[in-house]
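Worksheet: the structure to be examined is printed underneath.
The values are calculated or read from the model by the stated rules, or taken from the named source; none is laboratory data. Note that the coordinates shown come from a computational prediction; the quantities given were computed from them, not determined experimentally. Note that we place each Cβ from the backbone using ideal geometry, even for glycine, and neighbour counts take in every protein chain shown.
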Amino acid sequence: MRAALVARSGVMFGIVALLGLATAPADVAWAQARPAASAVPALPAAAPAASGDPRTLNLTQLGLNYAIKLRGVSGTVGIPFSVRADELVTAASLRLNYAFSPSLIPALSHLKVSVNDVEVTTLPYGAAEAGKPQTVDIPIDRRLIADFNRINIELVAHYTNECEDPDHSSLWATVDASSALTLNVTPLKVTSDLATLPQPFFDRRDVRRASIPFVFAGASASAASTTAALGAAGIVSSWLGGLAGYRGATFPVTTGELPTAAHAVVFATPESSIAGLTLPAIEGPTLTVVDHPRDPAFKLLLVMGRNAAELTTAASALALNSRAFTGATSTIADLQLPAPRKPHDAPRWISSDRAVMLGELAPGPVFSVSGYTPEVVKVDLLTPPDLFTWRSRGIPLDLHYRYTPRVRPDQSTLNLSVNDTFIGSLPLRAANMASDAWWNVFALKLLPDGSALHSTQLHLPPLAMGSRSQLRMHYYFEQPRTTCTPVLDNVRGGIDPTSTIDVSSFPHYIAMPELAAYANGGFPFSRMADLAETAVVMPDRAERGDIETYLALMGHIGDVTGYPALRVTVGSASNVDQWADKDLLVLGNLKNQPLFTRWAAQMPLRRDPAAAAGPGAEQFHIGTWFEDTLNLIQGSRQREDLPTGTTQMSVFEERTDAVLAGFQSPLRAGRSVVAVMANEASQPALVNALLTPELLQRIQGSMSIVRAAQVSSLLSGETYYVGTLPPFTWLQWNLSRSPLLLAGLVVLVALLGAGVSFSSLQLLARKRLRRQ
């Protein structure tokens, strides 16, 4: 096996080191308890160390944000890592912080460490160090490292020489999350070939947050050229953001010059001037990969066109058909854009038109599990943020599942949850519920492979569902208790990929503003996956921070929808009146974006001129007690989890504060505005909040303040509704939320009843008088 891997590495090029910033320091306990060098077992010699940039990743950075506990006589954990295609690993080592149970037998217990199924070392159990934290540095032969790798740590443990329980509580070892992998890497020159796209600009092997520099022409570029470049960059950043997925993506911006020691994407027209770069002749929409003039180990992707339309065509072709290009240069002769998207049809969302099979939402292998401690089956559910589930039983789930039938009735179950909300347990039945008699009418029908297939209809509770949810299905097989008899680990379970989830019966209707819908689902802009009904309003003199914010937001929406922003409109405040029929994403700060002053009365934050006159401070007054009372009478949205009313705060721009605010468009009712107020100092904190799950969930209501690593949200301002409801549902909804409307309806019905009664009595009186 070793020879095979060595041979493979001989023909491999383009090996990249896994990302990583320096790891956090190991826990103090590990540092204090580290044994002397004499206690560390001898390890096999690795290949000679080579030069390179050391990068250290702890288990948290590798995706395991918890201490690993190995249990049983043969517990195993796998730690995956991968390397980029444009870097070469010259040396590698693993610092392992671990501890053994003090009840094990030294001669029969140890930890085995392997890389890609090749054993690297064995760590024996020592009675003197039993139960204490230990640390060992394990060199790894760089020739064992491929593109995708796995470090396996296996516990071999025994506590007795006689009959032993394989699940005894004394059989354990722990691996602390501060354990770290160090890779020495050096840049590797790759070929200039469009066929490798999106590499090297984005590499799926790299688990770090993607950072892809964008380069624009200098200050000499015309306003029209700059706007065209921004539109094209928005398309490309949304495409790259969709590729980055869970990693997130940022796009550092340089104007008129190239970044150092980095791959970069350059947007250019014939009039563009970028220091150190000579543009080739532009004969139409063109994509070209060239060496970085100052460092040939890095590449530049040139997105070029002779005018705005051609630049947009080049960017669209890149986002739609990146795999179709070959060679260093390609000119797009004719590009037919796909048909405009329909509302709520983003590729990553559960369809609103039909039932969707779970097999469409996750790869096939995740649906099958085995063993008495199986993995959890996880399926990500991305639903349109404006699903109206009021007074419904929940989202229907038609679940088909199979399992190895139990020999006799026990407590085995299939447990279901959404995120951390428990939904229910489904019992796993025995083959014969009553006896082993062949005539037992309760016998379970089995499939040809010996498994039992069951179906059930469930409803996922609306309150547990968000725009981004995860359905978790865990098989619990009760292990038979036997005396000195090995247990045959032959249990299997599986979720049928044809199981369906159906949201097609729900209307689309949502109370706005709701920044949670924007932060988690890109709504309302993502309603059309190609952003055909979105306009981005940039400052007239956009700063670098404004452009970086814009690109990060486009990447974020691309991640949500899984589709590039082919039809987004980009412009400045002077053109905003033309976009009354669009939802507006307004960027800038209080000094360079005039719309924040022009629309101050409609915004959930209101500028106080007297306070703003102070040095460096912008103070806002949010709502009033009168408005809150009026909202209650009218039935406007009230939330106890967010502050409202007479709240006051000051936003100090120089203290890296950023603001997200949502409100109804002053240009047209039913359209929305999301205002993103940040300067160059506060922009990194804002982008980090949108890309960090723990901070993202705090963005909600009508306004969020981002201050360093803190997010504060509140609800204030006018509530409006987007979408439509069936007439009867609309009446029920409005009556349920508005005491004033309900009282008015009661009075109206009473008046009508009184009028009908009065008229009837008058008619009867006239008839009686005629008879007299």
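Looking at Tyr66, Tyr98, can you tell me which residue is under 12 Å from Val175 (Cβ atoms), touching a residue at least 60 places away in the same chain (Cβ under 8 Å) and part of a loop (DSSP other than H, G, I, E, B)?
Of Tyr66, Tyr98, the one residue that is under 12 Å from Val175 (Cβ atoms), touching a residue at least 60 places away in the same chain (Cβ under 8 Å) and part of a loop (DSSP other than H, G, I, E, B) is Tyr66.
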Counting just the residues of region 298-318 that are among the β-branched types (Val, Ile, Thr) and in a helix (DSSP H, G or I), which one comes out farthest from Val266 (Cα to Cα)?
Thr313
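Per-residue answers, yes or no, for (1) within 30 Å of Ser505 (Cα to Cα); (2) assigned by TED's automatic domain parsing to the domain that holds Leu471; (3) of a type in the set (Asp, Glu):
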position: Pro347; (1), (2), (3): yes, no, no
position: Ile350; (1), (2), (3): yes, no, no
position: Gly364; (1), (2), (3): yes, yes, no
position: Phe367; (1), (2), (3): yes, yes, no
position: Pro374; (1), (2), (3): no, yes, no
position: Lys378; (1), (2), (3): yes, yes, no
position: Pro384; (1), (2), (3): yes, yes, no
position: Leu399; (1), (2), (3): yes, yes, no
position: Pro409; (1), (2), (3): no, yes, no
Considering only region 53-81, state which residues are crowded, with 22+ Cβ neighbours inside 10 Å and more than 13 Å from Ser178 (Cβ to Cβ).
Leu70, Phe81
State whether the residues of region 106-124 include one that is basic (Lys, Arg), touching a residue at least 40 places away in the same chain (Cβ under 8 Å), part of a loop (DSSP other than H, G, I, E, B) and surrounded by fewer than 19 Cβ atoms within 10 Å (Cβ to Cβ).
no
Pick from region 502-528 the residues that are more than 19 Å from Met603 (Cβ to Cβ), in contact with a Pro (Cβ under 7 Å, 6 or more places away or on another chain) and among the aliphatic types (A, V, I, L, M): which of them is modelled with the highest pLDDT?
Met528
Being among the polar types (S, T, N, Q), outside any loop (DSSP other than H, G, I, E, B) and either modelled with pLDDT under 70 or surrounded by fewer than 11 Cβ atoms within 10 Å (Cβ to Cβ) (or both) is the requirement here; does Gln470 meet it?
no
Quick test for you: out of Ser192, Ser179, Ser211, Ser169, pick the one residue that is out of contact with any His (no Cβ under 6 Å at 6 or more places or on another chain), modelled with pLDDT under 90 and of a type in the set (Gly, Ala, Ser).
Ser169
Selected residue (criterion: nearest to the chain's Cα centre (by Cα)) from residues of region 170-196 that are surrounded by fewer than 19 Cβ atoms within 10 Å (Cβ to Cβ) and over 27 Å from Thr60 (Cβ atoms):
Ala195
Within the set of pairs 6 or more residues apart or between chains, which connect a residue that is of a type in the set (S, T, N, Q) inside region 528-551 to a residue that is in a loop (DSSP other than H, G, I, E, B) and surrounded by 22 or more Cβ atoms within 10 Å (Cβ to Cβ) with Cβ atoms less than 7 Å apart?
Thr534/Val568; Thr534/Lys582; Thr549/Ala678
From the residues in region 563-596 that are of a type in the set (Gly, Ala, Ser) and out of contact with any strand residue (DSSP E or B) (no Cβ under 9 Å at 6 or more places or on another chain), which one is modelled with the highest pLDDT?
Ala580
Name every residue in region 504-518 that is within 26 Å of Arg698 (Cα to Cα) and touching a strand residue (DSSP E or B) at 6+ places or on another chain (Cβ under 8 Å), in order of residue number.
His508, Tyr509, Ile510, Ala511, Met512, Pro513, Glu514, Leu515, Ala517, Tyr518
Which of the residues that make up region 274-329 are farther than 26 Å from Ala532 by Cβ, surrounded by fewer than 22 Cβ atoms within 10 Å (Cβ to Cβ) and charged (D, E, K, R)?
Glu283, Asp291, Arg294, Asp295
Within the set of pairs 6+ apart or on separate chains, which have a first residue in region 568-583 that is within 16 Å of Ala224 (Cβ to Cβ), a second that is of a type in the set (D, E, K, R) and surrounded by 18 or more Cβ atoms within 10 Å (Cβ to Cβ), and C-beta atoms under 8 Å apart?
Thr569/Lys582
